[in-house]
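Trainee: After the structure tokens below, expect a handful of questions from me.
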Amino acid sequence: MSKIGFIGLGRMGQGMAARLLAANHRVSVWNRSPEKAAALVSSGAMLAATPAAAAQEADAIFTMLADDDAAERVWRAPDGVLGTAKPGAFAIECSTLSRGLVIALAQEAGQRGLRFLDCPVTGRPNVAAAGKLTLLVGADKADLDAARPLLDPIATTIRHFGPPGSGTAYKLMINLMGSVQIAALAEGLALTERLGLDREAVIEAISDSAAASRQVVYHVTRMARREFTDPTFTAGLRHKDASYGAALAAALGVDAPLGRASVAWFAEAMVPDPDADEARVIETVLARSKT
Ligand code: NAP
């Protein structure tokens with residue numbers, strides 16, 4: 001049994017923290033909106049008053065947060081993790097952040113004697129709750145190997161890309177490709193609607209087509225039928241991921257006009273409601289289409 005601090009109890013963090021608790025670890029949780037900790041607390045987690053308090057005695061601190069602003073607040077604020085985490089503890093950053101921030105946090109954590117794992121994930125909230133995530137890790141190999149027993153309850157696949165920053169770089173690249181695919185699906189479906197093609201026939205054909213990536217298959221039925229209740233990934237998060245990915249490409253001098261176009265689509269799609277389902281981007285495409 002290890003002492004774990006878990007910070008960020010959104011759609012993904014809830015399930016991940018529950019898995020660590022079920023693996024008999026002693027879990028101290030913090031979330032900006034403390035009411036989201038209720039179910040975990042009733043299952044035995046302790047509610048910390050600050051990120052610093054959640055981290056203070058922990059052997060490992062996991063964070064699963066929305067974006068760079070959230071991570072800066074949790075790690076660097078006066079009551080943040082970096083103020084109290086004990087040397088030797090693992091700092092396991094699972095959020096999708098910009099590569100620059102991840103590299104800076106790894107350096108700051110290292111200066112404090114923490115073992116930093118850049119550890120973004122793939123898998124939606126149901127996959128997180130089932131402990132079947134894929135972890136995209138950037139870390140010192142010895143640190144990753146030492147942390148593996150703590151990662152077992154949340155993941156079935158661990159991919160190691162190199163030092164801190166490399167897991168995030170891969171994650172931003174693959175999510176930028178995903179953004180392009182979702183935006184392209186929205187454009188394609190909008191076209192089939194203008195053409196008046198049979199909706200169910202289109203869904204079946206696209207799902208069985210050469211363009212049927214897992215991303216496209218996941219979205220095609222929901223997007224075509226406008227089934228947007230209970231979003232698992234929001235337009236706001238998609239825009240954030242695509243923006244960080246496009247910024248990474250630009251910083252490396254890689255021209256990525258398709259990626260930039262997807263950023264523009266999701267920038268528009270998130271305006272009515274950043275917490276809406278990312279597949280609502282089809283409504284943005286149709287709203288911009290000439291009548
Ligand atoms: P979410 O449900 O929106 O949860 C976001 C979490 O960040 C919440 O705990 C939220 O606190 C916290 N937060 C936001 N702004 C904050 C701030 N300024 N200070 C402190 N805490 C803040 O998002 P999610 O779907 O769980 O995703 C979490 C991360 O995993 C994101 O980086 C996302 O890109 C990545 N991811 C998501 C999926 C997915 O399918 N959903 C899959 C892979 C990776 P409150 O509860 O107070 O709002």
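Trainee: Which residues, counting only those in region 29-47, are within 21 Å of Cys119 (Cβ to Cβ), within 13 Å of the ligand (Cβ to nearest atom) and either aliphatic (A, V, I, L, M) or at pLDDT below 95 (or both)?
Mentor: Val29, Leu40
Trainee: Within region 1-28, how many residues are in contact with a helix residue (DSSP H, G or I) (Cβ under 8 Å, 6 or more places away or on another chain), in a strand (DSSP E or B) and more than 10 Å from the ligand (Cβ to nearest atom)?
Mentor: Qualifying residue count for the region: 5.
Trainee: Of everything in region 182-231, what is open to solvent by 60 Å² or more (accessible area, probe 1.4 Å), within 16 Å of the ligand (Cβ to nearest atom) and part of a helix (DSSP H, G or I)? Give them in sequence order.
Mentor: Hits for region 182-231 are Arg214, Val217, Tyr218.
Trainee: Sticking with this structure for a sec: Condition (residue is crowded, with 24+ Cβ neighbours inside 10 Å, in contact with a Cys (Cβ under 7 Å, 6 or more places away or on another chain) and part of a loop (DSSP other than H, G, I, E, B)) applied to region 80-87: is it met by at least one residue?
Mentor: Filtering region 80-87 down to residues crowded, with 24+ Cβ neighbours inside 10 Å leaves 81, 85.
From what's left, in contact with a Cys (Cβ under 7 Å, 6 or more places away or on another chain): none.
Looking through region 80-87, none of the residues is crowded, with 24+ Cβ neighbours inside 10 Å, in contact with a Cys (Cβ under 7 Å, 6 or more places away or on another chain) and part of a loop (DSSP other than H, G, I, E, B).
Trainee: For residues that are β-branched (Val, Ile, Thr) and not in a helix (DSSP H, G or I), scanning just region 107-151, find the one that is surrounded by the most Cβ atoms within 10 Å (Cβ to Cβ).
Mentor: This residue is Val137.
Trainee: Right, something else. Taking the options Ala58, Ala104, Ala70, Ala66, name whichever one is outside the structural domain of Ile174 (by TED's automatic domain parsing), open to solvent by less than 40 Å² (accessible area, probe 1.4 Å) and assigned to a loop (DSSP other than H, G, I, E, B).
Mentor: Exactly one of Ala58, Ala104, Ala70, Ala66 is outside the structural domain of Ile174 (by TED's automatic domain parsing), open to solvent by less than 40 Å² (accessible area, probe 1.4 Å) and assigned to a loop (DSSP other than H, G, I, E, B), namely Ala58.
Trainee: I need the full set of residues from region 54-87 which are away from the ligand (no atom under 14 Å from the Cβ) and either modelled with pLDDT under 95 or touching a Lys or Arg at 6+ places or on another chain (Cβ under 7 Å) (or both), in order please.
Mentor: The answer is Glu57, Ala58, Asp59, Leu82, Ala85, Pro87.
The values are calculated or read from the model by the stated rules, or taken from the named source; none is laboratory data. Because the structure is a prediction, the values reported are computed rather than measured. Quick reminder, even Gly has a Cβ in these numbers, built from the backbone with ideal geometry, and neighbours come from all protein chains shown. These area figures cover heavy atoms from the full protein model, side chains too; ligands, DNA and RNA do not enter into them. Shrake-Rupley method; radii C 1.70, N 1.55, O 1.52, S 1.80 Å.
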